[in-house]
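Report on the following structure.
The values are calculated or read from the model by the stated rules, or taken from the named source; none is laboratory data. Note that this is a predicted model, so its numbers are computed, not measured. All Cβ positions, glycine included, derive from the backbone under ideal geometry; neighbour counts span all protein chains shown. Only protein heavy atoms, including side chains, enter the accessible area calculation; ligands, DNA and RNA are left aside. Shrake-Rupley method; radii C 1.70, N 1.55, O 1.52, S 1.80 Å.
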Amino acid sequence: MDFLFRDVFSVAFPIVEVDPNSHSLTSKKIEACRLSVFFCSCKDTRMEESSPDVELDPNYWGKLHPELVEQVLYKLPFSSLVKFRSVCKCWKDLIQSSPLAPKTSPPKSVLLYHHSGGIRGNHGIWMGSLLAFFNSKTNTWERRSLPFLGTRSLVACDEGLLCFSGKNEPEKFIVCNPLTKQWRELTMPGSVLPVVPRGAAFKNPFNYMLMGMVMNKDTGHYKLVVAGLHEVGPQKTFIYDSSRASWKVSAPLSPLPPVLDDGEWICSGKSVTCKGNLYWFIHEIDDNQDQVVKAVVRFNMEKEEWKVVQEAEPTPYLCSFQVAAVDESVLLLDWEDDQYWGHINATQAELQELGPETRLMDNKLVDLGFIDQETQPVWSVGQRELLYIVYDYGPAKKGLKLLVYDRSKESITWLPTWRHLREHKSFWAFTPSLNAFV
């Protein structure tokens, strides 16, 4: 690893800023270290050219002042910090520590695909569990594994953190940073689901739970929000605050008034985070599944307040309505509704109550719905300036293709197809971060 040390210090030393008033690390000490590293690097380079088997003294690097090492690491780009974590345990701990990590600039968002296994899609295809990330450098999908994954589902995500839970134990969560491979198990102090008879269980308890998380990019801490949606369930909202390592009970989401006969409210999408608030799309559906009442829910994290904009009248059942967060805006999307394009039957004033960041589909997004005759958009995932659009394609619409729409550059890019991508709601986007502490 000696070549890594020489790369780090020879590149970063010329831009180390010295505070002449500092008593903890004087400019003379920095200059002395700088010169010694320079001469050592020159000598080592000449020695290695003549004798490649020469080994450097490992104790030399251990004698450098810790504050000097931190200042050097602070100057390195994000990709180098990720690489240099493998130098030694001391560097790994320092790079992933709270004082240093928030100073680093994270890369662009990364698309991931995860499903927990089981029967998926309208064709009843059985699929094993799969976790994969798209590598933009190699332009390929890469499988990954996590030690706790099993049959757990990905239920929430923000910045560099992922949150998993299992349908058999929906009160337990695992928050994970896939970059640092750190994770923590959390257990709610209560339940947000109604009690069921012994031997019975919810087919999908997540339909009756609102789950979301918000990470503070400055501190690396996060809050996990879990609320009940079932009309006869406990009216509670649980919030886990990682900065205090504790749960609290907050204001509940008031039961939504029924509109349909024998209808029930469910959440079939995922939460999105925008400007510190959480948003969900929920809908009431009847037994025949031919009518639906749509609603958008917002949770103000700072005030811990709920706000709901609900349709007063049902519309023909369409399952493709969703919300996505892009460019500090919350987009209301519906790729199958060629009349309203993300419209919800509410007044503009009511939509504004959700926040000025709420937006309907613009003409550019509508055009992406007709990009060619062999594809049909069915789902979207947003992260920062990027919107990932999932399309059914092929004669029988059995395959999935992805398009990346960069709103800041007004550009589109198709990603390569991969035969293992079969469930459109299994796509997520996150931003790899060293500043995400579980």
Checklist outcome for this item: Picking from 175, 192, 214, the residue that is touching a residue at least 12 places away in the same chain (Cβ under 8 Å), open to solvent by 20 Å² or more (accessible area, probe 1.4 Å) and touching an Asp or Glu at 6+ places or on another chain (Cβ under 9 Å) would be 214
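Going by what's in this entry, would residue 249 be described as farther than 28 Å from residue 382 by Cα, open to solvent by 20 Å² or more (accessible area, probe 1.4 Å), part of a strand (DSSP E or B) and in contact (Cβ under 8 Å) with a residue 12 or more places away in the chain?
Details: farther than 28 Å from residue 382 by Cα: yes; open to solvent by 20 Å² or more (accessible area, probe 1.4 Å): yes; part of a strand (DSSP E or B): yes; in contact (Cβ under 8 Å) with a residue 12 or more places away in the chain: yes.
The answer is yes for residue 249.
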Checklist entry - Out of segment 130-160, which residues are of a type in the set (A, V, I, L, M) and in a strand (DSSP E or B)? => result 130, 131, 132, 154, 155, 156
Item to check | residue 262, sole failed condition from (1) assigned to a strand (DSSP E or B); (2) surrounded by fewer than 16 Cβ atoms within 10 Å (Cβ to Cβ); (3) among the charged types (D, E, K, R) | outcome: (1)
Next on the checklist: Any residue that is open to solvent by 20 Å² or more (accessible area, probe 1.4 Å) and modelled with pLDDT under 75 - is there at least one of those in segment 107-117?
Outcome noted: yes
Checklist entry - What pairs come up if the first residue lies in segment 381-410 and is open to solvent by 60 Å² or more (accessible area, probe 1.4 Å), the second is part of a strand (DSSP E or B), and their beta carbons are under 7 Å apart, counting only those six or more places apart or on different chains? => result 393/375; 393/399; 393/401; 397/376
Checklist entry - Of the residues 303, 307, which single one is open to solvent by 20 Å² or more (accessible area, probe 1.4 Å), under 25 Å from the mean Cα position of the chain (by Cα), under 26 Å from residue 384 (Cβ atoms) and in contact (Cβ under 8 Å) with a residue 24 or more places away in the chain? => result 307
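Just checking, does segment 413-422 include any residue being touching a Ser or Thr at 6+ places or on another chain (Cβ under 6 Å) and in a strand (DSSP E or B)?
no
Looking only at residues that are open to solvent by less than 20 Å² (accessible area, probe 1.4 Å) and not β-branched (Val, Ile, Thr) in segment 287-300, which one is nearest to residue 228 (Cα to Cα)? If you could, list the steps in order and put the result at the bottom.
Keep residues of segment 287-300 that are open to solvent by less than 20 Å² (accessible area, probe 1.4 Å), which gives 292-297, 299.
Next cut, not β-branched (Val, Ile, Thr) only: 294-295, 299.
Numbers: 294: 18, 295: 16, 299: 13 Å.
By that ranking, first place goes to 299.
Given the structure, is residue 202 modelled with pLDDT under 90 and farther than 15 Å from residue 298 by Cα?
yes
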